[in-house]
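Where a number appears in this text, it was derived from the coordinates with a stated rule and is not lab data. This structure is a prediction, so every number in the text was calculated from the model and none was measured. Using ideal geometry, Cβ is built from the backbone for each residue, glycine included, and neighbour counts are taken over all protein chains shown.
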Amino acid sequence: TIKKYICDFGSDKKKLPMKQINQRNVLKSVTLVVMLVCAFLAGTCHGFGFKSINTVNNCNHASITHRGKVICAGLFGFGKKEPEPENPNEPKRIFEIPVESLKNGGLRFALGLHLIGQQGNPVKGSWKANQKSESVLEMYYQDDTGMFSITLTEKAIIFDRYGMRPSLLYVLQESVLLHGVLDELNSLAFGGEE
């Protein structure tokens, strides 16, 4: 026969069945994973590590105490606090491409057509293209958490993001769209596709 009880548990040497031990271990594992994810998402520490509870000064709301130690996570920039802009309507510069010369009208037309063609990516109605002025093209995302603009000047092509806290979906779709814009600029500048 197979033994149902395999280990001694606790000070009273109470026997636990294998099924209960597995459930307990799974629950502990899930709890630890949830704690780590929460620490990553809200972390204020730079790096990841276990520190003694008395020496932690820079882990505030993001720290988790586990067996007398504080788990502090701030990997990949999580927890880094960017200074809040004085004016919430100020854009955040994504990048800028310096140029020697620029045909503003032709480039605006070509990029405008490209952006209009991208309004349905990934699904219909995801983006809305708008020409704000003779030198500014805008793209609004469907969830209204963010938008970006492309400004054409004599010396540069400027990409700015607007929105205090753009959603994760916005940032993902923005990066996909901007990669397409860069490919379009490359084909316009160097003639054709490679």
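So, in segment 138-152, of the ones that are assigned to a loop (DSSP other than H, G, I, E, B) and in contact with a strand residue (DSSP E or B) (Cβ under 9 Å, 6 or more places away or on another chain), which residue ends up nearest to Glu100 (Cα to Cα)?
The extreme case among them is Gly146.
Go through segment 91-131 and report how many residues are under 14 Å from Phe159 (Cα atoms), surrounded by fewer than 17 Cβ atoms within 10 Å (Cβ to Cβ) and among the charged types (D, E, K, R).
Residues meeting the conditions: 3.
I'd like to check something: does segment 181-192 contain any residue that is surrounded by 13 or more Cβ atoms within 10 Å (Cβ to Cβ) and aromatic (Phe, Trp, Tyr)?
Among the residues of segment 181-192, not one is surrounded by 13 or more Cβ atoms within 10 Å (Cβ to Cβ) and aromatic (Phe, Trp, Tyr), which makes the answer no.
What number of residues within segment 146-194 are touching a residue at least 12 places away in the same chain (Cβ under 8 Å) and touching a helix residue (DSSP H, G or I) at 6+ places or on another chain (Cβ under 9 Å)?
18
Mind listing just one residue for me: the one in segment 154-180 that is touching a Ser or Thr at 6+ places or on another chain (Cβ under 9 Å) and surrounded by fewer than 14 Cβ atoms within 10 Å (Cβ to Cβ) and, of those, nearest to Lys103 (Cα to Cα)?
Of everything passing the filter in segment 154-180, Glu154 is nearest to Lys103 (Cα to Cα).
Determine whether segment 153-162 contains at least one residue that is of a type in the set (Gly, Ala, Ser), in a strand (DSSP E or B) and either under 18 Å from Lys92 (Cβ atoms) or out of contact with any Gly (no Cβ under 8 Å at 6 or more places or on another chain) (or both).
yes
When segment 100-125 is examined, which residues are found to be part of a loop (DSSP other than H, G, I, E, B) and in contact with a Leu (Cβ under 9 Å, 6 or more places away or on another chain)?
Leu102, Gln118, Asn121
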